[in-house]
Amino acid sequence: MEAMSPRTEPRCRTLSIHVVTWNVASAAPPPDLSDLLQLNNLNLNLDIYVIGLQELNCGIMSLLSDTAFEDPWSSYFMDVLSPLSFVKVSSVRMQGLLLLIFAKYQHLPFIQVLSTKSTPTGLFGYWGNKGGVNIFLKLYGYYVSIINCHLPPHMANNDQRLEHFDRILEMQNFEAQDTPNILDHDLILWFGDMNFRIEDFGLHFVRESIKNQRYSDLWEKDQLSIAKRHDPLLREFQEGSLLFPPTYKFDKNSNNYDTSEKKRKPAWTDRVLWRLKRQSQTDFHTPALSAPFALFLRSYISHMVYTISDHKPVTCTFDLELKPLVSAPLITLLPEGPCTMESDLLISYCLAADFLSSPWDWIGLYKVGLRHINDYVSYVWVKDNQVSFSDRLNQVYIDISDIPETEDQFLLFYYSNNLQSVVGISKPFKIQPFSFLEEDPLDEAQPQI
C-alpha cells in the first residue's frame, strides 16, 4: 500500500486558485454566479476557491439566524460547488466579513488548517465592522495565510487605512511555538474592500478616462500605488495591472457610477494582493521551472454583470507551482469488498510511520458531492468496531444499520483529532444491493473502487 512503500522524490504540480472579493452591501446572493466563479470557462481546471465577502447583512436577526444555520452566501456557494467535487475546507466570519475556502476533495489530505483569526479595527479598535479575518493553513507542506479585509472609507482617511493595514498584519501572531511569523509564510493572499481612492484628479477627468478606457492615466494617483512607492513592506505585496474599470461606486441595479447628490468619484477600492517568500519580485507572468514554490497570475478582472451592490466583484486567478513537501497522505483508506447493503462495511487503513493516531480519530462515510466535513452519512471511531490491527495496518467496520440504502457513490475520510484535519481519503466506490451479487453468474462481484 502507498503509505507503506518507500517514498519517491515528489514531482512538481500546479494548483489553480480562484480568488473572489466582493462588497455585497447586505444583498442576498443573485440567482446566477457562474461568471463570478468562472464555471463556464473551459480553459480553467480549478483546484481551490478562496472567497472573501464584505458587508454581509449583519443585523441582529440575520446574525442570530446565521449562528444557528449557514448564512445564505455560504449555503449558495456550497450548493453550486459541491456537485463539482469542491468541499468547504474552512470559514471565518466577523460581523459583515466572511472568508471561505473550498478545495477539490482530492487535495484535503494535503491541507491542514492551523488557525482562523479575526482582527477588529472598527470603533476604538474593538468593533468588527472594519478589520480583517484570516485563515492560516499548510498546503502540501507550505505555510499559506489568507486575509480578507475591510478598511476605513473616504478619501481623507488614507493614513488610517494604512495604519489598519499594518495593525492587521501585526496581529497575525500564532500560538504554536513552531509556527513562523506571517512574514515568513511561503504565501500571503490579501484582498478585500481596501477603500483606496484616486487622489487629485477631478470627477470629470476620472469619468472621461474610464469612458475611454484610459485606466493607466489614473494609476499614478491611486492611493495604494502611491503608498507602495513609499512603504518598503507594502511594496513587497504584488498586484496585477488594473486593466478593468474602477469597481466603486455604482448605483445599485445598474452599471452607472454614482448619480446621487454626493457623486462619489470612482475608485479601485476592491483589490487582490499577494506576497511570496521564495519568489523574486520580478516577472510573475512567466513560470520559473527551477522554483520550488511560485505563483503566476492568469487573470485579474472585475465582473460588471452583477448589479446588486454599489461595488463590482473582482476575481484573480493564479497558477501555484510547487514541489510538494508532503506527497503521500498520512492514512491510506480502502473499503474491503464486496460492499453490499446486506453486510457491514469493512474498512482497511494503514498509517504512515510518522503519524500519531488518537482514540478520538474517526472515519466518516460520505456521499460523493458532500458540502463540508460534517456532511457525513455515518462514521466510526477508529478504536471502536475494530476487527484487527497491527503497527501500521488496521481494520474497522461500519455497522449495516448505519449504511444508507442507496446506490450513490461514496467516499471514506479519515479525520485526525490531533491535526484537526482530513489526513486520508478513499477512492469513490458503490455499495451494491445484495441482488447484484446473487445475479452474477461468475461470482466475481467486486466493490466499484
Consider segment 74-92. How many of its residues are within 15 Å of Val19 (Cα to Cα) and among the aromatic types (Phe, Trp, Tyr)? 2
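Looking at segment 350-372 only, could you name the residues that are of a type in the set (A, V, I, L, M, F, W, C) and surrounded by 18 or more Cβ atoms within 10 Å (Cβ to Cβ)? Please lay out each step first, then the result.
Kept after step one, since they are of a type in the set (A, V, I, L, M, F, W, C), are these residues of segment 350-372: 350-353, 355-356, 360, 362-363, 365, 368, 370.
Passing the criteria: Cys350, Leu351, Ala352, Phe355, Trp362, Ile363, Leu365, Leu370.
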What single numbered condition from (1) at pLDDT 95 or above; (2) crowded, with 22+ Cβ neighbours inside 10 Å fails to hold for Glu321? (2)
Mind telling me which of the residues Leu203, Leu183, Leu189 ends up being open to solvent by 50 Å² or more (accessible area, probe 1.4 Å) and within 26 Å of Leu325 (Cα to Cα)? Leu183
Subset tally (residues that are farther than 20 Å from Cys58 by Cα and surrounded by 22 or more Cβ atoms within 10 Å (Cβ to Cβ)) for segment 73-89: 5
Taking the stated definitions as given, is Asp217 free of Cβ contacts under 8 Å to residues at least 40 places away in the same chain and within 19 Å of Asn158 (Cα to Cα)? no
Search result, residues across segment 136-179 that are open to solvent by less than 10 Å² (accessible area, probe 1.4 Å) and at positive phi: Tyr140
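Quick one: in segment 186-235, which of the residues that are assigned to a loop (DSSP other than H, G, I, E, B) and among the hydrophobic types (A, V, I, L, M, F, W, C) is farthest from His311 (Cα to Cα)?
Phe201
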What are the residues in segment 15-43 that are at pLDDT 95 or above, surrounded by fewer than 13 Cβ atoms within 10 Å (Cβ to Cβ) and either of a type in the set (S, T, N, Q) or outside any loop (DSSP other than H, G, I, E, B) (or both), if any? Ser34
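The values are calculated or read from the model by the stated rules, or taken from the named source; none is laboratory data. Note that the structure is a prediction, hence the values are computed from the model and not measured. Every residue, glycine as well, gets a Cβ built from its backbone with ideal geometry; the counts of neighbours run over all protein chains shown. Just the protein is used for accessible areas: all its heavy atoms, side chains included, with ligands, DNA and RNA removed. Shrake-Rupley method; radii C 1.70, N 1.55, O 1.52, S 1.80 Å.
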